[in-house]
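The block underneath contains the structure these notes are about, expressed in structure tokens.
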Amino acid sequence: MSGSPAVVAVTLVVIALLAVVLPLLRSGRTRRLFGTPADRATYATLHAASQAAPPLRAGLTAAGAAKAVRHLRALLGTPAVALTDTGQLLAWDGSGDHHGTATVRHGADVLADGRTHVVGPGSVGCPDPDCPIRVAVIAPLTVEDRVVGTVAAYGRTTSVGLVRATTEVARWVSTQLELAELESSRTRLAEAEVRALRAQISPHFVYNSLTAIASFVRTDPERARDLLLEFADFTRYSFRRHGDFTTLAEELRSIDRYLLLERARFGDRLQVTVQVAPEVLPVTVPFLCIQPLVENAVRHGLEGKPGQGRVTIVARDLGQEALISVEDDGAGIDPDAVRRTLAGQPDGDSIGLGNVDERLRQVYGDDYGLTVETAPGAGTKVSMRVPKYRAGVHT
């Protein structure tokens, strides 16, 4: 997880506490094991925080605020709590909701200076004698030092304790929003990397494929037609706009089309061996994680090499994981160039290698990057392990 040390530290503490508390809450054992009022108040607070966190992790939206705000009111114990962004009320929970239209105005100073403020009866009070809303404590919500909204605790009176509690709740909510921002940034980065990969592989392949197809237009028009259809199916898959993941079967089907088009160009010079265990075909993999490796193998295995070249694609079942490898018997790559590429330094001879390695590590963790075995004149073998099942990874 990336982010500021404060965000990570707070998150780890909350996760550790929740891991202990939530099973007890679900089992109903807290009253027996933690019988004092202080104990029960502590666990009730943690439970409320655990309920508020998931909707906030989607960002500061009206839908998420509506789900979280009642749990925040349980944390603060006030007659009403409101959540706003910088321009509108997102959610109100509790009494006196007719005050909701003025929440952004009440929090104007907070939005301006990023500090907690107490707003008195002169601004908050109303003529209804039965309304419990007379004052408000309003604290800022911040993401990366930007004020993005407020938490407002409304009630009859205020106190130093309420000011501190509202400020701490606002900090906790800000932590959830920062984590949401980090997740959103990671998603945008992954999407950008896929777009970059498409841009990187497509011109080279498109030009060569169309040239090969054109060579058959007069001599073998039926084959040219079939190749055009394969080319259309391949590009439709490669440039699809939905989903970060696909199945291994779909990825291999697209690779088969790619190799069919490359064989039209290279003829018998390109020899392909595919060995795939049926058990791993449904495994979910990151979109376009194997295609770049196959294109590299074709380029390094054949271009600039006299005679035949062989590309071998293997997918094995390892129980909880699938092992996928792409190997060529071509010219090989300088190991130092491979290390530079995997370290994030682009190398023009290794299309997408660093991109694929980075995306695998983002999805599965650092234990699941690419393994490259190569040396000049000795060919290249690129391998990856992919867990068969991983939470959040699905097509």
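The values are calculated or read from the model by the stated rules, or taken from the named source; none is laboratory data. Predicted, not measured: the structure shown is a model, and the values here were computed from it. Please note: Cβ atoms are built from the backbone with ideal geometry, for glycine as well, and neighbour counts cover all protein chains shown. Please note that ligands, DNA and RNA were not included when accessible areas were found on the heavy atoms of the full protein model with its side chains. Shrake-Rupley method; radii C 1.70, N 1.55, O 1.52, S 1.80 Å.
Tabulated values for the structure
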| quantity | calculated |
| --- | --- |
| Any hit, the stretch 117-139, residues being surrounded by 15 or more Cβ atoms within 10 Å (Cβ to Cβ), out of contact with any Phe, Trp or Tyr (no Cβ under 6 Å at 6 or more places or on another chain), of a type in the set (A, V, I, L, M, F, W, C) and in contact (Cβ under 8 Å) with a residue 60 or more places away in the chain | no |
| Scan of the stretch 77-90 for residues that are open to solvent by 20 Å² or more (accessible area, probe 1.4 Å) and either in contact (Cβ under 8 Å) with a residue 40 or more places away in the chain or more than 16 Å from residue 141 (Cβ to Cβ) (or both), ordered by number | 77, 79, 85, 86, 90 |
| So residue 275, is it open to solvent by 30 Å² or more (accessible area, probe 1.4 Å), closer than 24 Å to residue 389 by Cα, part of a strand (DSSP E or B) and in contact (Cβ under 8 Å) with a residue 40 or more places away in the chain | yes |
| Some residue of the stretch 233-245 being more than 20 Å from residue 309 (Cβ to Cβ), of a type in the set (A, V, I, L, M, F, W, C) and either in a helix (DSSP H, G or I) or open to solvent by 80 Å² or more (accessible area, probe 1.4 Å) (or both) | yes |
| Index of the failed condition, residue 173 passing every other in (1) in contact (Cβ under 8 Å) with a residue 60 or more places away in the chain; (2) assigned to a strand (DSSP E or B) | (2) |
| Flag for residue 58 being hydrophobic (A, V, I, L, M, F, W, C), open to solvent by 60 Å² or more (accessible area, probe 1.4 Å) and within 17 Å of residue 174 (Cβ to Cβ) | yes |
| Every residue from the stretch 129-168 that is over 17 Å from residue 111 (Cα atoms) and polar (S, T, N, Q) | 157, 158, 159 |
| Filtered residues of the stretch 151-188 (kept if polar (S, T, N, Q), open to solvent by 40 Å² or more (accessible area, probe 1.4 Å) and either touching a Lys or Arg at 6+ places or on another chain (Cβ under 6 Å) or at pLDDT below 90 (or both)) | 158, 184, 185, 187 |
| Residues of the stretch 230-259 satisfying the condition of being aliphatic (A, V, I, L, M) and at pLDDT 90 or above | 248, 249, 252, 255, 259 |
